Structures are given as C-alpha cells and as structure tokens.
Amino acid sequence: MTGSFSNLLPTGVVCLTAYVITEVFKSKPIYESLLERFLHKGSYGYKPKAKNKMLLEVAVHSGSALEGKKVKEIQWPSHCLIVGIKRGAHEVIPNGGTVVYSGDYLMILTNEDTATHVRQSLTEVCERCTALSGTI
C-alpha cells in the first residue's frame, strides 16, 4: 500500500499474532458472528439450515449429450454447482465458456438431500448418446 517494504516486518508480526490468538481461542469469523447476531435480533423469519454438502464426480462418456458443449449451454439439474472439471492430469475451474469433452470428470457440489437426484440426472445426460441408435 505504501510502495515500500519498510512496514513489511511489523505488518507480518501483527498478522501472525492475530492468527495465533484466533486459533488459540477458537473464535468464529467476525462477519459470520455479526450476521448471526443481526438475524437473531430482528424478526426476519430466517432460519439457517445446516445441510451437509457433497461433492459428486461424474464421467462424461464419448458421444454423450454434453460432449463439445459449453458449460453455459447445458441445462444443469437444480441444486448443483459445477466446481471443477478433471481433464487428464489437470483440473479446470469452469466458467460459462468452458467446453466439456468426453473423458472429462465433472466435479459437482450439491446438498446431501438432493445428491441422489442430481447424480441420476447427470449420469443419464453424461451417458446418453446423441447419435441415432441403429445407425452405423
């Protein structure tokens, strides 16, 4: 911020001290604590639900309906978030313009209660062949 390294050591010491103190006292993050306090004070009717998250991995088969499409062109099941694509030895963080290829493994984040529905929907789409059956 200042354009010099003269304050680097004192800033590092302060950051390290703050980190150690929060770890020792096991304090919650300040913004989460303030949000909870704010929501419990008012009558907003908001009750946060503690749902466990699951990470699913689904393979894209050759000839599937997803092959060659961009992420934004695909109609994804509700209650899922595409957080990564494993492509060989690399992992891609997808955006709307990322193209899905056969052999990719889609990493999908979802809630525990909707995981079965999301897995079934994606497995059907990833295995479904776009070519007409019976054509050689």
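The values are calculated or read from the model by the stated rules, or taken from the named source; none is laboratory data. The model shown is predicted, which means the values in this text are computed figures rather than measured ones. Note that we place each Cβ from the backbone using ideal geometry, even for glycine, and neighbour counts take in every protein chain shown. Keep in mind that these areas ignore ligands, DNA and RNA; they rest on the heavy atoms of the full protein, side chains included. Shrake-Rupley method; radii C 1.70, N 1.55, O 1.52, S 1.80 Å.
Which of Ile30, Ile82, Ile74 moves the most in a Gaussian network model of the chain with Cα springs under 10 Å?
Ile30
Give me the percent relative contact order of the chain, please, defined on Cα pairs under 8 angstrom at least 6 residues apart.
Rounded, it is 29 percent for the chain.
Pick the calculated semi-axes √(5λ) of the Cα gyration tensor in Å for this structure from [x] 43, 24, 13; [y] 33, 17, 12; [z] 25, 22, 12?
Here the calculated entry is [x].
Once the dipole of the chain is set up with Lys and Arg at +1 and Asp and Glu at -1 on Cβ about the Cα centre, which of Ser4, Gln120, Gly88 lies farthest towards its positive end?
Positive-most Cα among the choices belongs to Ser4.
Compute a Gaussian network model of the chain, connecting alpha carbons closer than 10 Å, and tell me which residue from Glu112, Glu32, Glu23 fluctuates the most.
Glu23
Mind telling me which of Ser33, Ser78, Ser64 comes out most flexible in a GNM of the chain, alpha-carbon contacts under 10 Å?
Ser33
For the chain, what does the accessible surface come to per residue with a 1.4 Å probe? Please give it in Å².
Here the per-residue accessible area is 78 Å².
Can you bin the stretch 55-117 into rounded, prolate or oblate? Criterion: square roots of the alpha carbon gyration tensor eigenvalues sorted a ≥ b ≥ c, rounded for a/c under 1.5, prolate for a/b above b/c, oblate for the rest.
In terms of gyration-tensor shape, prolate.
Please determine, in degrees from 0 to 90 and to the nearest 10, the orientation of helix 115-127 with respect to the longest principal axis defined by the Cα atoms of the chain, where the helix direction is its Cα long axis.
Long axis of 115-127 versus the principal axis of the chain: about 40 degrees.
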